[in-house]
1. Over the C-alpha atoms of the stretch B:78-134, what are the Rg and the largest Cα-to-Cα span, Dmax, in Å?
2. Find the all-direction average of the projected area of the Cα convex hull for the stretch A:84-154, expressing the result in square nanometres with one decimal place.
3. Skip the ligands, DNA and RNA, and give the accessible area per residue of the protein assembly as shown with a 1.4 Å probe, whole Å².
4. Over the whole of B:139-152, what's the average partner chain Cβ count within 10 Å per residue? Rounded to a whole number, please.
5. Quick query: amide H of B:MET490 versus all other amide H atoms, modeled in the peptide plane; which residues come in under 5 Å with a sequence gap of 5 or more or a different chain?
6. Within 10 Å of each Cβ of B:671-679, how many other protein chain Cβ atoms are there on average?
7. With a 1.4 Å probe and all protein chains kept in place, how much accessible area does B:ILE115 have, in Å² rounded to the nearest 10?
8. Add -39500 (n - 2.57) for each DSSP H run of 4 or more in chain A, then divide by its residues: what number comes out at 222 nm, to the nearest 500 deg cm²/dmol?
Amino acid sequence: MATLNINGETVEVEVDGSTPLLWVLREQLGLTGTKYACGIGLCGSCTVHVDGEAVRSCTVPVSSMDADKKIVTIEGLSADNSHPLQQAWKELDVPQCGYCQPGMIMAAAALLNKNPEPDDEAINQQITNICRCGTFNRVRRGIHLAVDINKRGRS
Amino acid sequence: MKNDTLNVSRREFLITSTRAAGLGVGFSLGLYLPMSTTAVAGEWDELPSEGLPEIGAWVVIQPDDTVIIRIARSEMGQGTLTGLAQLVAEELECDWDKIITEYPTPGENRARDRIWGSFSTGGSRGIRDSHRYVRKGGAVAREMLLQAAADRWDVPKGECRAANSVITHQPSGRTVTYGQVAEAASELIPPQHVELKDPDEWQIIGKPIPRLDTDDKLNGKQIFGTDLQLPGMLNAAIKACPTFGGRLKSFDEKKVTGMPGVRKVVRVGEDAVAVVADTWWQANQALDALPITWDHGPNAKLDSAAIDQMLEEGLSSDKEVFVGNKAGDVNRALKGAAKTVEATYRYPYQNHATMEPMNATALWSKDKCEVWCPTQNGEAALKAAVDASGLPVDKCEVYKIHLGGGFGRRGAFHDFVTQAVNIAKQLPGSPVKLLWSREEDMAHGHYHPITHCKLVGGLDEAGNLTGLNVRISGQSILATVMPDGLQDGMDPVTFQGFHAEGDHAISYTVPNLLVEHAMRNPPVPPGFWRGVNINQNAIYMECFLDELAHAAGKDPLEFRRSLMADQPKSRAVLDVVAEKVGWGKPAGDGVHRGLAVVKTFGSYVAACAEVSVDDKGKLKIHRIVAATDPGHAVNPQQIEAQVEGSFVYGLSALLYGECTIKDGGVEQTNFHDFPSLLMDEMPEVETIVMPSGGFWGGIGEPTIAVAAPAVLNAIFAATGKRIRRVPITQQLAAS
Ligand code: FES
Ligand code: FES
């Protein structure tokens, strides 16, 4: 049995503790926005936030989580595509197939949490997700645009 | 479980895409957390056209004016869904903001005599093959709506005008919306002949319209095959014999039947075993623990060295050699040349590595078989389902789901469907979702074929190219995949980019030319891989032309241009690129340039890459300027996205992409040994879309061909070294 705090809700899951968080999200909780693509921490498709940090959920056994660790998945990023990154992604038509995009957006959101105005070098360092469709340049522009949207929102 | 509990998932389950939130499948954003694996994760929406009459085959209009456009081809990221909708909407004169789309099913297409034409989504053909009948579909519906309005007012149709989903009776100014006359329109007989607009009248085609399928891709709502959940669904993990041509001998299921969630261990065909469990994680854990004995078969000793040897032999052999293009007398030209240049290039096996691993969900009972899957060709998926199910075709159906990448892997091959049905057949009445692990995906691809190529060119005293012999040795895709497509044994696809004419014609006029293929087919399954054979052929031709220019002491741009008098469209894209980068002027400190130009999939494309290489051999690709002339450009901003994306795919292949063979199987297992280009390596890309009109060329694939040779030529300019074997990263570091 694992007790988790996911997208602001406390949930209990009957599951073997060694199960990676990714599969608990997808199969026990039906939160399928978090994707499987490599299963060994290489691609970032499974990125979620744990206490605001980007975590590749395929590498984290659910037993290492507890009710105090705040997990946010793509489904919990905003209720209505209103997160600045989602707005920017929409404006620039970033996704192609879209399969990597939840992970890409969650990685970018974690980056903005820590560094509200990342330069290209910071983006290069922090966004290490694989996208086989090749959306990188729009992802980069999307992060910069989200910074602008954020600023506009504040002013 | 009883079959009828699954009825909700039948016709109601059709993937729809819409800008309006709420359609599709999903949760109320984390607030609804079903706690059981068998809970329905989301409610399937009804097919939007369900119960509504159609206006011609392509259009259904709801009373509230929502326009449903049917899309026969598959969306896999390339934007075809939006592009095809633009084609219909252009003629339909409907309000673009009211459009949603739906996939008709392959079964319905069959039952209705292929009214929606081909479902095949490959070869960059989605739009260029279907634009005429798809636009006609929009025009037919418009005429029917106009007629219905005219009948309603009892006026001549000629006095009515349609715009933005509203019909106006011009003399009286009366108006009616499409939704108000849709039902009446649906009862009319579709006109046989309709006029299509001239391109200069287009208002939606050619505009950089945002995609129709973005919203759900931003919040996790977009359902991919891997995400599908059906009531009572079980999950399967699979392992096929890691040796090509090997078989499954036996497995000891007793060792895993007690593991959590495990329901059944099943043999799948001749060569695979699957564990079926409540969750995929459980299934995969048990599969890892399952003792399996393989019969490794005839290829157990096969390795890359043996394959290389086989191909090297073909470079000079006269056995199994086919001629793809011939002009003049190349032997005489080479003998008489003032200078000859020779080089051999080598291109490896590569995996598609779609982001979403192979998967399919199947539900089988003795009188029905249904499959849900991401597929580039719904009709081929249906055929695979029929063949595996043992049921007649009218008892089978396939529901298409957006793909998490296709790149050719999910078009000609539906091995995952065959397997899923095979497994489901052993659990009648239970839907089973089969998902391949990434490791399985790496081990059982249909790989980019391997070829080597020897080129010999002759130059006269003045440095003009007088003769060129291109000898390709290696694998034919058609010989394995579609032998019916061979022409007297020859595989025309092998000569992509070298043809005398057509969609994949050579971009140069060489007076004495001989392009040959020594067909050598190692027992590694080949497949169509985004770009197909243009990937290596463009490297062979464009890099070798650079070598020839260098040997002739000529500028690579001028050397190319001198051979392109008969190829004005190819020359035009090359010139635009050269002008844009400032060819001939310095590129910046340590930065060097390389060019490439190709005609393929009916489009003319060129690129110039700007790179630097540091003293440790580390490559930086600063910028690529690319131009494409696809004839008509349906959505320029999506073309830009495809160009950038194709460069990532093509450059990943150039830098890192290689599947090596050992003990009869692929050595690479995941993204650590089959890496993909990442953000920090991504060059700036400037795309010039220059449609010259009058033809329809492809978009998804052509530009992939120019990235690699342009970068290779720039690397030569930077280092003075020619790298002739793909992938290049280790060679760069070693040089
Ligand atoms: S699936 Fe977790 S990093 Fe790839
Ligand atoms: S959008 Fe398809 S893998 Fe990134």
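1. 12.0, 32
2. On the way: hull surface 16.5 nm².
Dividing the Cα hull surface by four gives the mean projection, 4.1 nm².
3. Numbers: 31280 Å² over 890 residues.
Solvent-accessible surface per residue comes out at 35 Å².
4. On the way: counts 0, 0, 0, 0, 0, 0, 0, 0, 0, 0, 0, 0, 0, 0.
Taking all residues of B:139-152 together, the mean is 0.
5. Amide H neighbours of B:MET490, under 5 Å, 5+ apart: none.
6. Numbers: counts 8, 4, 0, 1, 2, 7, 5, 8, 17.
Across B:671-679, the average partner-chain Cβ count within 10 Å equals 6.
7. Approximately 70 Å² of B:ILE115 is accessible to the 1.4 Å probe.
8. Numbers: 4 runs with 49 residues, N = 155.
Result for chain A, helices only: -10000 deg cm²/dmol.
The values are calculated or read from the model by the stated rules, or taken from the named source; none is laboratory data. The model shown is predicted, which means the values in this text are computed figures rather than measured ones. Backbone-built Cβ (ideal geometry, glycine too); neighbour counts: all protein chains shown. All accessible areas refer to the heavy atoms of the entire protein, side chains included, with ligands and DNA or RNA removed. Shrake-Rupley method; radii C 1.70, N 1.55, O 1.52, S 1.80 Å.
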